[in-house]
Amino acid sequence: MGNITVRDTVVVRQDGKGNFSTINDAVAGAPNKTSINSGYFVIHVAAGVYAEYISIDKNKMNIMMIGDGINKTVITGNRSGNDGWTTFNSATFEAIKGQAVAVRNGADLSAFYNCSFEGYQDTLYAHSLRQFYRECDIYGTVDFIFGNAAAVFQKCNIYVRLPIHGQANTITAQGRSDLNQNTGTSIQECYIKAASDLASSNAGTKTYLGRPWRHYSRTIFMQSFLDSLINSAGWSGWGDNTTLSTLYYAEFNDTGPGSSTANRVRWPGYHVINATEAANFSVSNFILGDNWLPATGVPNSGGL
């Protein structure tokens, strides 16, 4: 993880042998932010399945939460829009600063490393501000990476699942609502493929890279591997043709059987871009990662 400044470390263990037995108790025990408490309050969550709904308040000092690995430390919940929860309030894990969502993140300068986000529709709500995801696994069906953050996903595995009968899959639904917002979803050096249930299905499910949740939706796939599940058109509309000239969707140097741009949509807002344009959506330029990611210890590539 590199050199980071740690102020304090606590351990969560369900067997009572740690400092806390629940994650929420550990979060509550983190000190509030002051002008002198620089560094991280580290919460080590031991292996186990934690049926909790986690919310990290914006007034808490910098929190670094470390598990024992994917499928070892698991946080799970079952709130659903079908049960009366709104999409915004259905998150199992939410980080705050300023359909059953697994994580809602609105924390500026937040980073997730080697995590797994598993859901179906609306898995990861990248709500707002600057975010970075590295070497994460993300599972879903419809709009499962969505929101209006400035978010970079780097070297992640994006697994598309089998949706409800008759649905098409859309990996992203970026929600930029104003041309002047410095937001968007940048997917770099990621691997996009079918999860096992979709791969073994004969349902003929269509899968698209994204669709415009808001008028100025902005999403870039670059230097990523797109498997054969990606529909040749690449992108899907939302039923409002006025967005097709205001959105910004781009592809750069992708590989794999689903990466051909020959039959992509012919929308005014769709672009096949060059390296100069793609560099605008890199870690260094898009989320100014050189200024804050080193302090997290999370590995990253600043450029293309």
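Compute the convex hull volume of the Cα atoms of segment 149-304, divide it by the residue count, and report the result per residue in Å³ as a whole number.
With only Cα atoms used, segment 149-304 gives 117 Å³ per residue.
Which ³J(HN,Hα) values, rounded to whole Hz and listed in residue order, are derived for segment 243-249 from phi using the Karplus coefficients 6.51, -1.76 and 1.60 in 6.51 cos²θ - 1.76 cosθ + 1.60 with θ = phi - 60°, glycine and proline given as x?
Working through the residues one at a time gives 6, 6, 9, 9, 6, 9, 10 Hz.
Considering only protein heavy atoms, what per residue accessible area in square angstrom results for the chain with a 1.4 angstrom probe?
45
Could you tell me which trypsin sites (Lys or Arg not before Pro) in segment 170-215 are loop residues by DSSP with no more than 16 other beta carbons within 10 angstrom of their beta carbon?
Of the trypsin sites (Lys or Arg not before Pro), the ones in loops of segment 170-215 whose Cβ has at most 16 other Cβ atoms within 10 Å are K206.
About its Cα centre, what dipole magnitude does segment 149-232 give when the only charges are +1 on Lys and Arg Cβ and -1 on Asp and Glu Cβ, stated in debye to the nearest 20?
So the magnitude is around 140 debye.
Report, in listed order, any pair from K17/K193; K58/K155; K155/K206; K17/K155; K72/K155; K58/K193 with a Cα-Cα distance greater than 31 Å.
K17/K193; K17/K155; K58/K193
Starting from the amide H of F117, placed 1.01 Å from N in the peptide plane, find each other amide H under 5 Å away whose residue is 5 or more places distant or on another chain.
Sorted by chain and number, the residues that satisfy this are D137, I138, Y139.
When the Kirkwood radius is taken over all Cα pairs of the chain, what Stokes-Einstein diffusion coefficient follows at 37 °C and 0.692 mPa s, in µm²/s?
Reported coefficient: 166 µm²/s.
Quick one: which residues, 5+ away or cross-chain, put their amide H under 5 Å from the amide H of M65? H built at 1.01 Å from N.
I43
Starting from the 7 Å offset along Cα-to-Cβ, what nm value, one decimal, do you get for the label separation of T9 and T34?
2.3
Taking the Cα centre of each part, how many Å lie between segment 111-135 and segment 14-46?
21
Using a 1.4 Å probe over the heavy atoms of the protein chains, calculate the carbon and sulfur portion of the accessible area of the chain as a whole percent.
On the chain, the fraction of accessible area on carbon and sulfur atoms equals 47 percent.
Could you tell me which of rounded, prolate or oblate describes segment 132-212, using a ≥ b ≥ c as the square roots of the eigenvalues of the alpha-carbon gyration tensor, with rounded for a/c under 1.5 and, failing that, prolate when a/b is larger than b/c and oblate otherwise?
oblate
Return the sequence-ordered ³J(HN,Hα) values of segment 60-74 in whole Hz as given by the Karplus equation 6.51 cos²θ - 1.76 cosθ + 1.60 applied to θ = phi - 60°, using x for Gly and Pro.
6, 5, 4, 10, 10, 10, 10, x, 9, x, 4, 6, 10, 9, 10
Which order, highest average first, do 245-253, 23-31 follow once you tally other Cβ atoms within 10 Å for each residue and take the mean per peptide?
Taking the mean over residues of other Cβ atoms within 10 Å, the ranking is 245-253, 23-31.
Taking θ = phi - 60°, what integer Hz values does the Karplus form 6.51 cos²θ - 1.76 cosθ + 1.60 yield along segment 268-278, in sequence order, with x for Gly and Pro?
Using θ = phi - 60°, the values come out as x, x, 9, 9, 9, 10, 9, 5, 4, 5, 4 Hz.
Within the set of other residues whose C-beta is less than 14 Å from the C-beta of E135, count the net charge using Lys and Arg as +1 and Asp and Glu as -1.
Overall, the nearby charge balance is 0.
Whose amide H sits under 5 Å from the amide H of A233, counting only residues 5 or more places off or on another chain, with H placed in the peptide plane?
It is none; the list stays empty.
Please name which of A168, G16, S228 has its Cα lying farthest along the dipole of the chain towards the positive end, using unit charges on Cβ (Lys, Arg +1; Asp, Glu -1) and the Cα centre as origin.
The residue sitting farthest along the positive end of the dipole is A168.
Treating only the Cβ of Lys, Arg, Asp and Glu as charged (+1, +1, -1, -1), what charge dipole size does the chain show about its Cα centre? Round to the nearest 20 debye.
Charge dipole, the chain, about its Cα centre: 260 debye, nearest 20.
Let me check I've understood the local charge: for C190, count other residues with C-beta under 13 angstrom from its C-beta, Lys and Arg +1, Asp and Glu -1. What total comes out?
-3
Take the alpha-carbon positions of segment 123-166, form their convex hull, and give its projected area averaged over all directions (one quarter of the hull surface) in nm².
That works out to 3.1 nm².
With a 1.4 Å probe and all protein chains in place, put Y50, Y120, Y113 in order of accessible area, largest first.
Ranking Y50, Y120, Y113 by accessible area, largest first, yields Y120, Y113, Y50.
Relative contact order for segment 137-218: what is it in percent, counting Cα pairs under 8 Å that are at least 6 residues apart?
The value is 39 percent.
Hey, quick one: spin label on H165, modelled 7 Å out along Cα-Cβ, who in segment 229-272 has an amide N within reach, i.e. under 11 Å?
Counting only backbone N, you get no residues.
The values are calculated or read from the model by the stated rules, or taken from the named source; none is laboratory data. Just so it is clear, the model here is predicted, and its values are computed rather than measured. Glycine also receives a Cβ, built like all others from the backbone with ideal geometry; neighbour counts cover every protein chain displayed. These area figures cover heavy atoms from the full protein model, side chains too; ligands, DNA and RNA do not enter into them. Shrake-Rupley method; radii C 1.70, N 1.55, O 1.52, S 1.80 Å.
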